[in-house]
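Read the structure below first, then the notes.
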Amino acid sequence: MDIAGVRWTTEQVLALAPDDASRRAGARLSAAGPWSDAGSSGEGAVWGLCKGSGKKPYQTVIDTKGPAYKCSCPSRKFPCKHALGLLLLWAAEGTAAVRTVVDVGDGPAPDWAEEWLRGRRKRSEEQEERAKAEAEGTAGHADPEAARRRAERRAARITGGAQELEQRLTDLLRGGLAAAEQSGYGLWEETAARMVDAQAPGLAARVRELGSIPGSGAGWPVRLLEESALLHLLDQGWLGIERLPAPLATTVRTRVGLPSPADGPPVKDHWLVLAQYDTSDGKITTRRIWLYGRESGHTALVLGFGAAGRSPQPALPVGLVIEAELTPHAGAGQLRADLGEEVGVPEATGTAPPGGTTTAAVEAYGSALREDPWLESWPVTLTDVIPVPDGGDGDGWQLADADGESALPIAPAALGRPGLWKLVALSGGGPVTVFGECGHRGFTPLAVWSAGSSETVQLT
Amino acid sequence: MTGTTSWEELVTSALLGTDRRTPPADVMAPGQDAPVALLDAAALHTLRRRAGLLPARAAARPEPAPEDDRRELPEPARRRLAQLLADRSAPAGTGGRRGTAPDLTELLPQWLTAANDHGYRAPAAALPALLDAARGRNDLRPHALAFAGPRGLWLARFNPDWKFALRGASGGAVLPGVQDSEAVRQLWEQGLFAERVALLAAVRAQDANAARALLATSWSTERAEDRLMFLDSLRAGLSDLDEPFLEEALSDRSRNVRATAAELLSALPNSALAARMAARAATCVSLDRTGGPTGPTVIVEAPHECDADMQRDGVSPTPPSGRGERSWWLGQLVEASPLSIWPERLGGRTPEDIVTLPVLDDWTDELHAAWCRAAVRQRDARWARALLGPPAVSPVAGPGASSLAERAKLLGTLPVAERASWVAEFIAAHGLSEAFQLLGVCAVPWSGPLGRAVVDALDIARDGGSYPWSFSGVMGLAERCLDPAEASHLEILTATPDEAEGASPGAGGYWSEAFQRLVSTLRLRAAMMSELTGDPERPERPDIT
């Protein structure tokens, strides 16, 4: 195994860009022109000087483990276009067939880069020590009594919120959903604000969702009834939480919006990065990264959050395999896990995870609902499926088993995305392997492998 | 609570409200509020439905995409393509300061041409971006679609945004072999217009007679605009054998078809039409042998009428506004006459001598312009050379063509090497301000002398103290057309010079930036090309001194 690890691909680097504008700006900086003194170390650090409009070139350094970036430019984007450009340059050299542009060869880092890299190494050592100290119980700086009182106060407020919300839902049903169309969004927005006050962000988010349903097109009353009923179920779950079995109680707490601890037994594995995509509610960008453990066979979800304009952390290169330790969150049927501090240098291109038929996929979602009734979808890999236009008069598509008569409709939200066309192009009418989220709205494809290829093609 | 209540009943109660419509009795537990009972039942139903989901029935599967047996792109080239396509939506050529980084959008056409020349297949995952790029840029379309190949066309069928690909398809992949006469006939009779045009071109490339015969089978029933397009496709490989067909088309119902037929015939110097035009033109232009004070002079007597025969031969009777009828007719006669008649008509002189002869009564411009058009139409390099004159002579003082557009067209008839050296000398003598159009007809990459002439002229412009954006057009061309091997010679120009007396403030820095971009673009092009050849050799890396 090459000590420097596998260099990332262009697509993987571009996926790290916080927005389209920096993606383009980065691509334009990926040629030799402005770069000098570029280099990389065997431990996954990449650095270079980029000539900008000023006299002094910008100093850009990246630790691809993590990854973490530092650049002396004034950009608030993260990673900035210089970091992206340099990574693209480095990625292009990874193929080693041609080294024409700038030689990002291996060697010792210059002082300015080394200083930052040393700082990072030191911090991670300190963190490790602190973690060790905590594990040994020597770091008991918190007052457990005060923490307990705080938790009780918060639980009481959430209970108040849940009762208020129940009242609101029964009022809605008493007066009829038809009236909800007229009452408009404002009323729900106000209820959502009350849930935020009650420190139940999970309830607040669901209430906001409810508010958007009456304007969501044909069939909205059915959807509104379904979501109201599930929200009612969550309220009831919280109000009777002491009667629930422990794992389900944890799930209810998480759904209401209380942080669930990442305290499961850590899993060390070689994780294939299946997909990474961001969603935004205007204030916070949420990043979801799906990982598949080569040895454990586990699928895990790593979440990252970023304020507006900043790219959430972490960022992992889709399609490569990283060695890392994941700590699962508690709760029934939870896939969420935290990424350990030490992430190895990406090692190799991963082949598709094992998968199954479309029937197996809906069954997997169905049984996951038993653990967590509020689950929107479940991660599955479909083996040997063909994208097919669904034959209706709309623009619908489905993924059909190559052998057999079953198919999963592609979720409406995924139909408008460019990834759909990549999927169709890659299949060319033949069977492919697809990873995605399977739920009651249909299947959302996130990654695809064509027959006989180990390359993971991102659809996000 | 039991499960017999249907979902529809619950929805109805929920819509109207439990005050108006009591939920079905079997969902109501004793002492329970009606809305709560309804919500409980709905939650149960919802979960039951979600947990019990079944797959849908598979719709009819599409025909698989046809095989594409072209070679797979080498890995580095594949990455480069992803990068070029990622940059495609960047605003291009917005003017102003462009920085030192290459403009990738401008390199995409070159990359596609080279990839097609090497016979590579487009990576499937790149097809959507490729089709989107082709949709937005007409200049990219033919290359992008050729590269996208049969799978690209297959994919385009599913997305209305990409309809253009089916309409404009050259259809290389779907055409039958031209030997398969039955398949050819069938496609000719039933194919889409674009397919038929492509078919005609393909057959003509193999066998001009067969193509004409194919065209003749349906000629009388084609629509006028289709006849025009089919006729136009005879332009490729035009020969004397096409004359009878064209001669017949001179009597076509459509004026545009008649005019095109006449134009094609006049490009055949041995055709009867050319002879008729020659006879007409000869009566208009003659030599005054007695000689005035300045020696022999050309006398022009423009036609006095445009009769029916002239009109049948494609002469348009009505001049555009602002032009006299008689000069309009004269221009058309001379343009359509074989250039070979003039030496004999004008005292056995060579074209070079003829263009220097004085012309009486201000007919010079009219006559020379018509000769220029004739030289272009008949692709006559000897006449083009004579009309262009020596490159060092000022365009105003020279013979023949004075407009740059005309000169560019004349240059197009010269052999590639001669074209480049003519433009090189022109630039050396006159600088860059008028060179843009002429550079556009030169072959890419530019020849050594031409490239050096452009770089020298840029260097002179810089020393002259102007700003580089006065030359941004030529600079942009140079980025795309200079031979990448020139990069090392240009390195020295990237330094920021000391501010010279009287120079525009800061110009030196901007020039340095512009040259840096030029150098890095050339390096990038060299890299692009070596990635496409899959050549593991490192191209020469210039020493930085």
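The values are calculated or read from the model by the stated rules, or taken from the named source; none is laboratory data. Since the structure is predicted, the reported quantities are computational estimates derived from the model, not experimental observations. When we count neighbours, we look across all protein chains shown, and the Cβ atoms used for this are built from the backbone with ideal geometry, even at glycine.
Structure above, values below:
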{"quantity": "Residue selected from segment B:490-521 under the condition at the interface with another protein chain (Cβ under 10 Å from one of its Cβ atoms) and modelled with pLDDT of 85 or more, by the criterion farthest from B:PRO445 (Cα to Cα)", "calculated": "B:GLN516"}
{"quantity": "A:VAL196 being surrounded by fewer than 20 Cβ atoms within 10 Å (Cβ to Cβ), in contact with a helix residue (DSSP H, G or I) (Cβ under 8 Å, 6 or more places away or on another chain) and more than 14 Å from every other protein chain (Cβ to nearest Cβ)", "calculated": "yes"}
{"quantity": "Single condition A:ARG223 does not satisfy, out of (1) in contact (Cβ under 8 Å) with a residue 60 or more places away in the chain; (2) closer than 20 Å to A:LEU369 by Cα; (3) charged (D, E, K, R)", "calculated": "(1)"}
{"quantity": "Residue identified as buried (at least 17 other Cβ atoms within 10 Å of the Cβ), out of contact with any Asp or Glu (no Cβ under 9 Å at 6 or more places or on another chain) and part of a helix (DSSP H, G or I) among B:LEU187, B:LEU166, B:LEU200", "calculated": "B:LEU200"}
{"quantity": "Leading residue by the ranking (farthest from the other protein chains (Cβ to nearest Cβ)) among those in segment A:150-172 that are closer than 17 Å to A:ARG223 by Cα and in contact with a His (Cβ under 9 Å, 6 or more places away or on another chain)", "calculated": "A:LEU169"}
{"quantity": "Segment B:349-373 - residue that is in a helix (DSSP H, G or I) and in contact (Cβ under 8 Å) with a residue 60 or more places away in the chain and, of those, nearest to B:VAL334 (Cα to Cα)", "calculated": "B:LEU367"}
{"quantity": "Of the criteria (1) under 29 Å from A:ASP338 (Cβ atoms); (2) part of a helix (DSSP H, G or I); (3) more than 14 Å from every other protein chain (Cβ to nearest Cβ), which one A:PRO261 fails", "calculated": "(2)"}
{"quantity": "Complete set of residues in segment A:385-397 that are touching a helix residue (DSSP H, G or I) at 6+ places or on another chain (Cβ under 9 Å) and either within 19 Å of B:ALA129 (Cβ to Cβ) or among the hydrophobic types (A, V, I, L, M, F, W, C) (or both)", "calculated": "A:VAL385, A:ILE386, A:PRO387, A:TRP397"}
{"quantity": "Test result for A:GLY356, surrounded by fewer than 18 Cβ atoms within 10 Å (Cβ to Cβ), within 10 Å of another protein chain (Cβ to nearest Cβ) and either touching a residue at least 12 places away in the same chain (Cβ under 8 Å) or touching a helix residue (DSSP H, G or I) at 6+ places or on another chain (Cβ under 9 Å) (or both)", "calculated": "no"}
{"quantity": "Single match in B:ARG80, B:ARG49 (criterion: outside any loop (DSSP other than H, G, I, E, B), facing another protein chain (nearest Cβ under 9 Å), surrounded by fewer than 19 Cβ atoms within 10 Å (Cβ to Cβ) and in contact (Cβ under 8 Å) with a residue 12 or more places away in the chain)", "calculated": "B:ARG49"}
{"quantity": "Scan of segment A:207-227 for residues that are within 12 Å of A:ALA180 (Cα to Cα) and touching a Leu at 6+ places or on another chain (Cβ under 8 Å), ordered by number", "calculated": "A:LEU210, A:GLY211, A:ILE213, A:PRO214, A:PRO221, A:LEU224, A:LEU225"}
{"quantity": "Candidate set: segment A:211-249, residues that are more than 13 Å from chain B (Cβ to nearest Cβ) and within 21 Å of A:GLY175 (Cβ to Cβ); chosen: the one surrounded by the most Cβ atoms within 10 Å (Cβ to Cβ)", "calculated": "A:GLY211"}
{"quantity": "Residue selected from segment A:46-57 under the condition surrounded by fewer than 21 Cβ atoms within 10 Å (Cβ to Cβ) and out of contact with any Pro (no Cβ under 6 Å at 6 or more places or on another chain), by the criterion farthest from the other protein chains (Cβ to nearest Cβ)", "calculated": "A:LYS56"}
{"quantity": "Count of residues meeting criterion [crowded, with 20+ Cβ neighbours inside 10 Å, within 16 Å of the chain's Cα centre (by Cα) and modelled with pLDDT of 90 or more] in segment A:330-353", "calculated": "1"}
{"quantity": "B:LEU264 being free of Cβ contacts under 8 Å to residues at least 40 places away in the same chain, outside any loop (DSSP other than H, G, I, E, B) and either touching a Ser or Thr at 6+ places or on another chain (Cβ under 7 Å) or over 24 Å from B:ASP353 (Cα atoms) (or both)", "calculated": "yes"}
{"quantity": "Conditions (1) surrounded by fewer than 18 Cβ atoms within 10 Å (Cβ to Cβ); (2) of a type outside the set (Asp, Glu); (3) at pLDDT 90 or above: number failed by B:GLY237", "calculated": "(3)"}
{"quantity": "Single condition B:SER327 does not satisfy, out of (1) assigned to a loop (DSSP other than H, G, I, E, B); (2) in contact (Cβ under 8 Å) with a residue 12 or more places away in the chain", "calculated": "(1)"}
{"quantity": "Extreme residue, surrounded by the fewest Cβ atoms within 10 Å (Cβ to Cβ), among residues of segment A:365-394 that are of a type in the set (A, V, I, L, M, F, W, C), over 30 Å from B:ALA156 (Cα atoms) and within 10 Å of chain B (Cβ to nearest Cβ)", "calculated": "A:TRP374"}
{"quantity": "Meets criteria (within 7 Å of chain A (Cβ to nearest Cβ), more than 25 Å from B:SER530 (Cβ to Cβ) and in contact (Cβ under 8 Å) with a residue 12 or more places away in the chain) for B:ALA34", "calculated": "no"}
